[in-house]
Amino acid sequence: MHELEELRKYFDKLGRPILFATTGQGEIDLYSPAGVLTAQIKTAVSEHEIAMMKVRMRRAARQKAEQGIPHWRKAFGYLEDTRQPDPVTAPLVKQAYNAILAGSSLSDVCRLWNEAGAVTIKGNPWNPSQVSVFLRKPRNAGLRAHNGEIIGKGAWPPLVDESTWRATLAALAARPGRPLGRRSVRRHPLTGILGCGSGKPGCSHLSGHINLQGKLCYVCKACRGVSIRAELVEPIVYDLVIGRLAMDDASDLLKAELQDDAEAEAIRDELNTLYGELEKIGVERGQRLLTGAQAKIASDLIGQDIAKLERRQQDQEKVRVFEGLQLGTDKVELGIRALSPDRFRTVVDMLMTITIAPVGKGGKVFNPERVQVVWK
């Protein structure tokens, strides 16, 4: 109706009469009241029909989703003609989900697929962002989604089971204060693992840094008072991990209280809710709806609940993290040294907490006691 009125005003400015021709309705004189009324009625009827058509299309799309009919024709991991799992790429998809749950990064998965010769639907090499988007798709678990809502099961076989898919979503989810997904640091295996032992406020972990001599060091970027050369600390950490996992009782690390899929999913859902509550507290504090004391009390209470739930998840995570490692045997060393940096950091984080003490007196000679380990 607005466009019709603008058109009529435009005709008025031309200074000469122009007839408005329509399809199936003949000519309409926009200079007469009757012609304007006719055009307005016809326009309103057309707009109503378009609105009803949109309703019918949305209803049909919803019904299609409820029936599990796919909304896609081509997808990585499936054959285009039958929508059955592709015997070449489907195993790569399953391997990717298991790798993420075992502590690997999106970059690790990206390299895995590219080295296997797998490409995107458009024929391009994979990058971490594309892998992240792909792994989040409900389609891979055989689920039919509509407008961001999971409607039910799809009429095609899944590439992974639903519990694995949901666990991967939880692993990739953005938590308060953390980036989306695991951050990949290829060259520095112990970045984020070594804690700063200076005790100064604001210090947390050491990060990789190349010094003036071209040597890799791990340095606290907050205080700049604690650093250690990679060539000294990395062999110690690798030997500690290998020695622990080669012990006869290493298989006890996998002993856990079994959980069924429903319980595991309930834990993940509750954790996601609690993470959302923490973020909400931060927003309310920023809007000054909460005082600093109130925000701290609420955050501490929620943090306690999160810690309890994460401890319940820990046993299942251990099974995934140590998957493929021959625990309790000498062959575990080969498996550990073959791990990607991201996967190795996950193993270390599961086993111990490492703090690097300041140099102190006699700092010209490396003191192994600076590497302080607390086993979990």
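The values are calculated or read from the model by the stated rules, or taken from the named source; none is laboratory data. A quick note: this is a predicted structure, and the numbers were derived from the prediction, not measured. Please note: Cβ atoms are built from the backbone with ideal geometry, for glycine as well, and neighbour counts cover all protein chains shown.
Descriptive notes on the structure:
- Per-region count, region 225-235, residues surrounded by fewer than 21 Cβ atoms within 10 Å (Cβ to Cβ) and either over 32 Å from the mean Cα position of the chain (by Cα) or not assigned by TED's automatic domain parsing to the domain that holds PRO189 (or both): 4
- Residue in region 206-251 that is farthest from CYS196 (Cα to Cα), counting only those that are outside any helix (DSSP H, G or I) and of a type in the set (Lys, Arg): LYS215
- Residue within region 129-136 that is among the hydrophobic types (A, V, I, L, M, F, W, C) and surrounded by fewer than 13 Cβ atoms within 10 Å (Cβ to Cβ) present: yes
- The set of residues in region 323-345 being of a type in the set (A, V, I, L, M, F, W, C), more than 21 Å from CYS110 (Cα to Cα) and modelled with pLDDT under 90 consists of LEU325, LEU327.
- Residues being more than 27 Å from ARG58 (Cβ to Cβ) and part of a helix (DSSP H, G or I) - total across region 134-164: 3
- Just one of (1) hydroxyl-bearing (Ser, Thr, Tyr); (2) surrounded by fewer than 13 Cβ atoms within 10 Å (Cβ to Cβ); (3) touching an Asp or Glu at 6+ places or on another chain (Cβ under 6 Å) fails for SER105. It is (2).
- Those residues of region 272-290 which are touching an Asp or Glu at 6+ places or on another chain (Cβ under 7 Å) and outside any loop (DSSP other than H, G, I, E, B), in sequence order: LEU274
- Among the residues of this structure, VAL283 does not count as one that is of a type in the set (Val, Ile, Thr) and either within 23 Å of LEU101 (Cα to Cα) or at pLDDT 80 or above (or both).
- Of the residues examined, ASN127 is one that is within 28 Å of ILE336 (Cα to Cα) and in contact with a Cys (Cβ under 7 Å, 6 or more places away or on another chain).
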